[in-house]
1. How big is the antiparallel share of DSSP beta bridges in the chain, given as a percent to the nearest 5?
2. Please give the charge dipole size of the chain, origin at the Cα centre, charges +1 on K and R Cβ atoms and -1 on D and E Cβ atoms. Round to the nearest 20 debye.
3. Give me Rg/Rg_expected for region 52-118, where Rg uses Cα atoms only and Rg_expected = 2.2 N^0.38 Å with N residues.
4. Using heavy-atom solvent-accessible surface (probe 1.4 Å) with all chains present, what is the largest-first order of V33, V149?
5. Select from region 125-219 those trypsin sites (Lys or Arg not before Pro) which occupy a DSSP coil region and have at most 10 other Cβ atoms within 10 Å, ordered by residue number.
6. Starting from the eigenvalues of the Cα gyration tensor, five times each then square-rooted, give me the equivalent ellipsoid semi-axes of region 132-197, largest first, whole Å.
7. Could you tell me, in Å, what Rg and Dmax come out for the Cα atoms of the chain?
8. Which listed residue (I37, N72, A84) has the Cα farthest towards the positive end of the charge dipole for the chain, taking +1 on Lys and Arg C-beta and -1 on Asp and Glu C-beta about the Cα centre?
Amino acid sequence: MDQQKEKKRLVAQTALSYLKEGMSLGVGTGSTVDFFIDALPEHSHYLAAIVSSSEASTKKLKNLKIEVTDLNRVSDVDVYVDGADEATKHLNLIKGGGGALTREKILAGASRRFICIVDDTKIVDVLGKFPIPVEVIPMAQSYVARQIVKAGGQPILREKFVSDNGNQILDVHNLAVTDPVKLEIELNQIPGVVTVGIFARRKADILLISEKNDVITLD
Ligand code: 5RP
């Protein structure tokens, strides 16, 4: 396994230690979370419920014969485990590289504890080198793009992509995220925006970062 994959496997493995009997679990989306899902069959039997953040993760869970529960049937999610595209040491994140940001933000909001799992290549001082994914209602795509240009960003429509919610994604380049909460709120207020991939208002509670051979915990 190459070094990057090994880091993803290691950090996903570490997140398993946060699972306790009777907990409800939210499962994120992406290649790091895929390693977490691969290890879940040994743990799912003692969990009360498992909720998924995307059709892709649901499919993977079901293939492993793990039952997936609708969020509406779970009062609260005890622990939510998900990856990120960028993370700061203040636990602010950019998410949505895989396009699952809306359901991911719902699960992050509904969870008591959000554990974010990344490898050290994702750590930045200031968010924004990774383009910020913004999920938009299709009819508002051009309007939202123009508003983002006025705000100084460069939106690029994600080609041939439809989200699990039937929406489109604009990947916004060149916006330095010096105040993540402010920018998240501002972009969210543009009519037609469904979800902004900045996770700062509800950031991670615990950030697990895998380096070469070990995992650092920030909380
Ligand atoms: C999907 C996400 C993922 O968490 C993010 O893209 C990280 O993915 P990976 O673990 O494959 O690097 O936000 O919408």
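1. Values: 21 of 39 bridges.
The antiparallel proportion sits near 55 percent.
2. On the way: 27 positive and 29 negative charges, 76 e Å.
So the magnitude is around 360 debye.
3. Numbers: Rg = 12.3 Å, N = 67, 2.2 N^0.38 = 10.9 Å.
With N residues counted in region 52-118, Rg over 2.2 N^0.38 Å equals 1.13.
4. Working: V33 0, V149 85 Å².
Descending order: V149, V33.
5. K160, K212
6. On the way: eigenvalues 66, 27, 24 Å².
Over the Cα atoms of region 132-197, the semi-axes work out to 18, 12, 11 Å.
7. 16.8, 51
8. N72
The values are calculated or read from the model by the stated rules, or taken from the named source; none is laboratory data. All of these numbers come straight from a predicted model, not from anything done at the bench. No Cβ is skipped: glycine too gets one built from the backbone with ideal geometry, and neighbour counts run over all protein chains shown. Protein only, heavy atoms only, side chains kept; ligands, DNA and RNA dropped before computing areas. Shrake-Rupley method; radii C 1.70, N 1.55, O 1.52, S 1.80 Å.
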